[in-house]
Every structure is written in structure tokens, then in C-alpha cells.
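The values are calculated or read from the model by the stated rules, or taken from the named source; none is laboratory data. In this text the structure is predicted, and so the values were computed from the model without any measurement. Cβ placement follows ideal geometry from the backbone for every residue including glycine, while neighbour counts extend to all protein chains displayed. Keep in mind that these areas ignore ligands, DNA and RNA; they rest on the heavy atoms of the full protein, side chains included. Shrake-Rupley method; radii C 1.70, N 1.55, O 1.52, S 1.80 Å.
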Amino acid sequence: MDLNISVSFRRKQDVDDPGCIQTLQGTVGLRADDGSSQYVGSIKAYRIDRRACKEEFYDILGCRGETRRFSRACFDKLGFVHSRLLMDEYHKGSGCWQEEVNRGKIVYISNIFIEEQYRSRGIGSRVLKALVDLDYVNDVDIVYCEPVSPDPSDIEDQTLSMDPSSQARRTSFFHKNGFRRLGRTSWLAFSCDPSHPSRSLDISDEPRDDSQFSHDPVMTGKICQSDFPLNWAILSDKERSPSSIGRVVAMIRDAHEVSPAAIHAQDPIGATPLHMAGMCGHVQAIRTLLELGASSDLNIRNSYGKTPSDCCIEELEEIRRSQERTWRQMMGISCWAGFPETKLRALGILRHAMGLEITEEEFMKQYKFGCTCGSCVDGWLSKRMKYYLIKSAMDIAYKEAPSDRKIHSSLVISSDITDFSSFYYIPPNLRKIMSEAYRQGYRNVFRIIISILSSQGESSIPSPDNIKRHIRSGKSDNFNLSSVQHYLDQGGLVDFAVDCLIDSAKRLAFDDIWLGVKDSEITRCANDLEFDLIRHQLDLNKMTCGPIRWTNKGDLDNMLKEDLSMEDDLEDW
């Protein structure tokens, strides 16, 4: 019998982050012949606009237990799906999810509940369809859910049993409705686009969920210490003094001498001593284990699907998130100081043992700031970032004035340049008296930046010092450097142009992502969208983006004469 079901939704803006998260609360009713409606279930979902979240994606989603784990496990700080879940041969799983997952909004199903007497009658499927058919859920949006949570506290409705049979039924329900696993995580995803590859993926081709234990998940200190002494010794060495390190190394050697198999033993979560050393960044333990023959464990995966190298990377990523969170709280920017030397060296040793042909010191320099492509200039300026910077610089440098606007005198007053956003990175006091030569000199700074970015090596970094060095060299590409010198003589700074360039490139990069612009020829890197890192490396942290800075602070005359410390910046701004 076909039930007369209705699903009504209420959309509510989040109180703390109204532009970022909406709560979609659906009520499922059974209509009777007399027009009345009986409650039979409900659905709750969050609609997340990662573009509005900006660099605060983790902080905003971290306010809820269920979305906190979801955000960390599946996304980076900007709300884009981790690249390893899309490109890594193992972690991408079936490979049906690609860059399209980063275009639209995120719809996260928190809970779907149907009264027991109405289950197995197709109501749940109709509720899901009602959700994806909402006018404000678009084809580019991706719907996520976690049918099996390893943490019962994440489940709002405690009537949802977490026994294995219930977990299997919930997973099967979402599979039947077109959801497919994101990489090898415990989360399933659904594309609202009927032509998406995930919609035709056979369920038998879906990989296992790496978050589910294949061993006993209970691992107390007593069990680990008595049954897995090497793992315990490595994990417990918090001091890392010469004496404590010596004890760990001696214990590893003694255990190997008694039984060579001891260095390969896996604990209840499948971790070998090499996994533990990688996670802890214990350099001396890693060297000793590899020396004694643990290289055979380099590709062994623990119960979470992680190799020793993956464990090390996971720990480094958590350190990075912590640093960036501190910088945001203190200075308002999502930046960091790079990976700590010891833990990064541990990863370098593991990578070298896995066949990476690079010395430890080269690795330390190349990967200090999280480079994943292996070709970032100075370890932080990626090829794609250079592409965005060059494209933006060309747009600014060669943009023609509107044909219906004619400059009649040598002065260009502020009302004449309202269409040129790049000029708003110049202080108002200079902009009001800007001459045509000054204006052209400012644009020519961007031409110099294009020339610098087009070169190779560290000379391709568009730092203020490199720009000034280029100006002093007298080299120019078909333009007169005298206009640049005039710009500088009249109070202009190359910093204004660099400030403008980074902000413009950031807008361009994110617009390309939202619009789905294809540029797959450029190797992807974790540093492709690290614009705050670029500002930090170019020593622009004391400057917020130009138009905001001038609006908030007014004239910069006095500020340019002061050598403000970082503490002064925080107190004043």
C-alpha cells in the first residue's frame, strides 16, 4: 500500500555563523483521509557554505562533535576535500570522486529517523529524495553522511543502535540510495548530478572503511606495555633526552637480538614499532629499526589504513592545524612557522627508505612548509600559486581603461579610477594626487613582477627585495623604468603592488574552483592556496589587504614611519 507521506523542511541560519551554516530540519508526516497528519519521522542536515567559512572552516565545524571529526578527516582548512582522498592510489578508494566535490556546498546529514513500525516501507528513501530535491540544494552540491560512527556520542538520537547488524542496515540503506564511500573513510557521499560516475558505481567496487578496526580496539597502557614493549617504549619517550633516547635504542636492539620478529610485532590496532616511531617522530628509533631490517614494514598498513609514513604525516598535519589555529587567534591570519625539524626529519628518513631520491637536508628544505608536489620554490611557492599570481599580475598590468573614459590632464583624481580595484591598495593620501606617470609606474611594478615570476629558482619569488633589485638592475620588458622610479619617488611602495597581487590572486584562485575551471596540466600541491603563507614569507603580515587597511586606519602617513612590533599590530588593529 502506497503511503501518503509528506516531508516539510524548515531552514534555520546558525546563530554564531549565520552566513556559513544552515540547519535543515525536516518533519515526516503521514496524511490521513481527513487531512490530518501523523508524525512518523524526521531528518536533520547542515548546509555548509565553505566559501563563507574561508580559513575558519575547522573552527566553525568544530563546534559540533559530529562535524568536527567529519571536517578534520575529509577536508582541509579551506573546506576542500583532502587531496589524498582524490588522488592517492590507495586512499582515493574507488576513485569515483574528483575535483567536482570542491565546487558546490556541503550538505551533511546529521540524523534520519523513521518510527519503527513504518520502517522498510520506502519512507526513508523518499525523505532523502525530498532533501536533495530542495530548491536550495543544487546539482553541484555533495551530500554526506556517516552511517557507521565509531563514536556513539556523535549520534544525536541514541535510539539508533550501534550493534553490527544495525550498522550494516544503515550502510545498506544509503548505498541503495546512491551514496558511495569517500575514499576509504567512514563517510559516504552523494552527488546531486545524475550523470556523476558515483551513481553508476557497483557497490562491489567500493573499498572497505579503514576507520573500522580489524583488531581489538581496546588497547590499555598495561596491555601495550606488557605485550608490546617496543611500542610502549617509543610512545613513552616524551623527554627525548640523550639518556632516554639511548634507552629506547638499546631496548630495540636487545629485543631484536632475542627475537628478530619483535621489531615487526603489530599491536591491537595493527601498528608496528615503525608505525609508532613514525607517529611520534622518533628519529633515532626509526634509524635503528630500519638498520635492523624493519624496512619490510614500510608499506604495512595498520587498522586505519595508515603506513608508518602516513602516521608521521598525520601527526605533522595536526601540528600544522594547531599552529595555524594559534596564529589565527593571535594575529588573525591562517599561517604557521613550518613543521618542527625533528618530526619532519623522521618523515624524510621514512620517505628516503621508501625510495625517494633526495638527501635528508634537501627534504628538510623542500617540505618544511608542507609541499606535496616536490617542486615548490623554496619549499612554499608552488607552480599553481605562480600561475595564479602571474595571471592576476597580467590582468592588472595590461588592463585597459574603459573606452568612454578620457584622462584630460596629468592628474587622475580618485573619482576617475573607481573601476580599477588595484588602485585601492594605495593609501588615500597618495591616490588623491596620483599623476598619470605615477599610475603607469604602479602598473609597471606588476610587469616587473610578471618578469620575476617567469624566471626560475629563488629569483622567481616576487618579494619586495627581489622587485627592488630588478628595478636597480635597469632591466625592463618593453616599458620605461623611469615611470617606476617616479612612482617610488612620490611615496609609492612595491609592497602596495605585492599586497594587491596576493589578494587578487586569491580571489581568482577561489573563483576558478567554484566555477570548475580545468587546469589539470599543473601539478597539484598542498601549497596551491596558501595565500596567508605567501604573505608571511613575503613579510606582509603587518598589512591587512589594502582596501580594508585604508578603510580601518585611514591615512598611512604616520604608520609608514613607525616600526611596529607584532604585539603593537595586534593591540592597534
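Observations on the structure shown:
- Complete set of residues in region 482-500 that are open to solvent by 30 Å² or more (accessible area, probe 1.4 Å) and either acidic (D, E) or at pLDDT below 90 (or both): S482, D489, D495
- Residues satisfying the stated conditions in region 68-101, i.e. farther than 11 Å from W187 by Cβ, open to solvent by 10 Å² or more (accessible area, probe 1.4 Å) and not in a loop (DSSP other than H, G, I, E, B): R68, R72, R84, M87, E99, E100
- For beta carbons closer than 8 Å, sequence separation of 6+ or different chains, a first residue in region 299-325 that is touching a residue at least 60 places away in the same chain (Cβ under 8 Å) and open to solvent by 40 Å² or more (accessible area, probe 1.4 Å) and a second that is among the hydroxyl-bearing types (S, T, Y) and part of a helix (DSSP H, G or I), the qualifying pairs are R325/Y58.
- Meets criteria (open to solvent by less than 50 Å² (accessible area, probe 1.4 Å) and either at pLDDT below 95 or under 30 Å from the mean Cα position of the chain (by Cα) (or both)) for I155: yes
- Pairs meeting the criteria (first residue in region 36-49 and at pLDDT 90 or above, second residue part of a strand (DSSP E or B) and open to solvent by 40 Å² or more (accessible area, probe 1.4 Å), beta carbons under 6 Å, at least 6 apart or on different chains) are S42/T27; K44/Q25.
- Scanning region 261-284 for residues that are modelled with pLDDT of 95 or more, open to solvent by 10 Å² or more (accessible area, probe 1.4 Å) and polar (S, T, N, Q) gives a single hit, Q284.
- Of the residues making up region 158-186, those that are at pLDDT below 80 and open to solvent by less than 30 Å² (accessible area, probe 1.4 Å) are L160, S166.
- Residues in region 127-139 that are surrounded by fewer than 17 Cβ atoms within 10 Å (Cβ to Cβ) and either in contact (Cβ under 8 Å) with a residue 12 or more places away in the chain or outside any loop (DSSP other than H, G, I, E, B) (or both): K129, Y136, N138, D139.
- Of all residues in region 259-266, at least one satisfies being assigned to a helix (DSSP H, G or I), without any contact (Cβ under 8 Å) to a residue 12 or more places away in the chain and more than 19 Å from G355 (Cβ to Cβ).
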